[in-house]
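Single-structure report; data block below.
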Amino acid sequence: MISRRPLLAALALAACHSGTSSAPAPTRGATDAGTPQSLSADARYVPAPDRRAAVFPMEWRHKAGRAPIIGTHAMVASDAPLGSAAGVEILKLGGNAVDAAVAVGFALAVAYPEAGNIGGGGYMVIHMADGRNATLDYREVAPLAATRNMYLDESGKLTDRSVVGVTASGVPGAVAGLTEALAKYGTMSLAQVMAPAIRYAEDGIPVDSITYKSLRGGRALIEKFDGRSVFLPNGEPPAFGSTLKQPALAKTLRAIAERGRDAFYAGPIAEAWTSELRRAGGIITMDDLARYRPAWHDPVRSAYRGYTLLTMPPSSSGGVTITETLNILEGFDSLPAFGSAGWAHLLGSAYQRAFIDRNEKLADPAFVSVPIRELTDKRYAAKLRATIGHMHATPTATVSATMREGMETTHYSVVDERGNAVATTTTLNNLFGSGVYVTTAGFFLNDEMDDFAAQPGKPNMFGLVQGEANAIQPGKRMLSAMSPTVVLDRDGSLLLVVGSRGGPRIITSTSQVILNVLDFKMTLADAMSAPRLHHQALPDSLLVEAAGVRPEVADSLRAMGYGVATGRGIGLVNAIMRVRGGYEGVSDPRSTGRPIGY
Ligand code: GLY
């Protein structure tokens, strides 16, 4: 039975501070300044008539008015141009959105090795134009040999073995997930949808400035393990302008294309890579691989101001936390002006409350009873809303749990000509995962074990307290924040396909793009360029992007009692929006991604 004490403590504390249970009066526009940017930077782009000009702080590095990529038939948006191209190739051959999404997933494992993967896992939300909706959980699980205290040293101190090296990995789910999605909702063969990925691995990918910088950024981790022979041939990434081939990965991909998931989870390739790992001290066995299964679930389905959200249930916390946050915000007739202190206060307070629940109560439902219905109930949200103080911060109860999580991951969105939509988020956890590269099969292994609470109830090496529900148990999925989401319009038709990278910031960045489109009526490009904020209960502060709030707004927030922390970027989103005549695709201006439509 999971304790409800932290949330109740927070509620009591909040009631003390507010002295009233009534909702705060939003300070609409009170602290706004700045000049609206021209709505369209591209003269050929005409935003829909219901979109409004966005107002960003003057110093904010992304300007409003960026034009999206337009596709009259279909769209793929991912963090790597070759990933998007693989999806479009499959769509143009007649594949549906699931065929294309599987193609993108395998292509990113080659063309975006920092986060695309076959050695990690992910989540997929599928919305078929015929009305079928589904989610697929292909999150990694703890190996059978995993133990609760495996990352503590003899004195009980947390080590870095959950982050770096051979013991950091959960049993990979990506290959099982992608092949399962294709079998149930796809129309093409594995060989067809994997053809772009196999070509990229065999013929090589161009080492452009993005790939070069990415490998350079990962050098300290990659050079510790065997990936250095492929990615740092002379101690440096392959020369800018050269071609990077991955023959071992190509062989593995060919085998999967021919024999399906069994090529990865059984037989000679599996024997080779698990033996290689175990010789180095790893604990994943053939038995772990044989037992791995992805899990189908109904989406978390919620209504927000008449729109419908279809998003990811546990083992990801994404869908429940987004739903709880939006349920809290829906009680306000309208949100305070974008960028105002009132906006930051309400969003920060809603996130804080949803994250208190998230950090304490959410975990793998196969191991822990998760109160999804209670947490996503509008009456419950009303109770939480009543605890938000009138223009002052509520300290997070110090007993509330929180998480240390990787900040990386990658999200891609796909819509096909029929209006089928797929939102997929996949990860190795940190960039290049644990750093361990399996030479026999050509892939990086994840460091997803770090998403468990390695020391429940005690501060970890960052001083954070982690929840019991997410303690390590063999075969259990570690809690995730991945939030692939599909939003349906008020008439039930597809509106948005969205998701993000960024550990817990996935939840805040994904939901803010949704709020920017639904509440602030921004174009999708502006919704993605807009500055973001983040609150995850503990650390008990509001994180804002550098120059993302005006100085006077930051002053107001401090006066309300917020600790205001500044970071460089919150989330990397890839999204698609249906507009009249087709689809707009936008990759986050913070990212290296590119949408491709036709
Ligand atoms: N590893 C990041 C997440 O799953 O949320």
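Going residue by residue through the range 384-395, is there one that turns out to be buried (at least 24 other Cβ atoms within 10 Å of the Cβ), more than 18 Å from L221 (Cβ to Cβ), charged (D, E, K, R) and at pLDDT 95 or above? No, every residue in the range 384-395 fails to be buried (at least 24 other Cβ atoms within 10 Å of the Cβ), more than 18 Å from L221 (Cβ to Cβ), charged (D, E, K, R) and at pLDDT 95 or above. Beta carbons closer than 9 Å, at least 6 apart along the sequence or on distinct chains, pair a first residue in the range 105-123 that is within 21 Å of P314 (Cα to Cα) with a second that is acidic (D, E) and not in a loop (DSSP other than H, G, I, E, B) for G120/E448; G121/D137; G121/E448; G122/D137; Y123/D137.
If you go through the range 282-315 and keep only what is under 30 Å from E271 (Cα atoms), out of contact with any Gly (no Cβ under 9 Å at 6 or more places or on another chain) and within 16 Å of the ligand (Cβ to nearest atom), you end up with A295, S315. Among the residues making up the range 193-213, those that are more than 25 Å from W273 (Cα to Cα) and in a helix (DSSP H, G or I) are S209, I210, T211, Y212, K213. Please go through the range 334-374 and give me each residue that is closer than 26 Å to M449 by Cβ and either surrounded by fewer than 24 Cβ atoms within 10 Å (Cβ to Cβ) or small (G, A, S) (or both), ordered by number. Correct list: A354, A363, P365, A366, F367, V368, S369, V370, P371, I372. With a requirement of 3 or more residues that are within 13 Å of T424 (Cβ to Cβ) and touching a strand residue (DSSP E or B) at 6+ places or on another chain (Cβ under 9 Å), the strands (runs of 3 or more DSSP E) lying completely within the range 54-167 that satisfy it span 75-78, 121-127, 133-138.
Scanning the range 267-319 for residues that are basic (K, R) and either free of Cβ contacts under 8 Å to residues at least 24 places away in the same chain or within 28 Å of T252 (Cα to Cα) (or both) yields a total of 4. Here I356 fulfils each of the conditions (1) under 20 Å from the mean Cα position of the chain (by Cα); (2) at pLDDT 95 or above; (3) under 30 Å from L515 (Cβ atoms) apart from (2). Within the range 233-272, no residue satisfies the criterion of being closer than 14 Å to T439 by Cα, hydrophobic (A, V, I, L, M, F, W, C) and part of a loop (DSSP other than H, G, I, E, B).
What number of residues within the range 555-570 are assigned to a helix (DSSP H, G or I) and in contact (Cβ under 8 Å) with a residue 24 or more places away in the chain?
Initial filter on the range 555-570 (assigned to a helix (DSSP H, G or I)): 555-559.
Checking the rest, the ones that are also in contact (Cβ under 8 Å) with a residue 24 or more places away in the chain come to 556-557.
The qualifying residues number 2.
Of everything listed in (1) assigned to a helix (DSSP H, G or I); (2) in contact with a strand residue (DSSP E or B) (Cβ under 6 Å, 6 or more places away or on another chain); (3) aromatic (F, W, Y), the single unmet condition for F225 is (1).
The values are calculated or read from the model by the stated rules, or taken from the named source; none is laboratory data. Quantities reported herein were computed from a predicted structural model and do not represent experimental measurements. Heads up, the Cβs are rebuilt from the backbone with ideal geometry, glycines too, and the neighbour counts pull from every protein chain shown.
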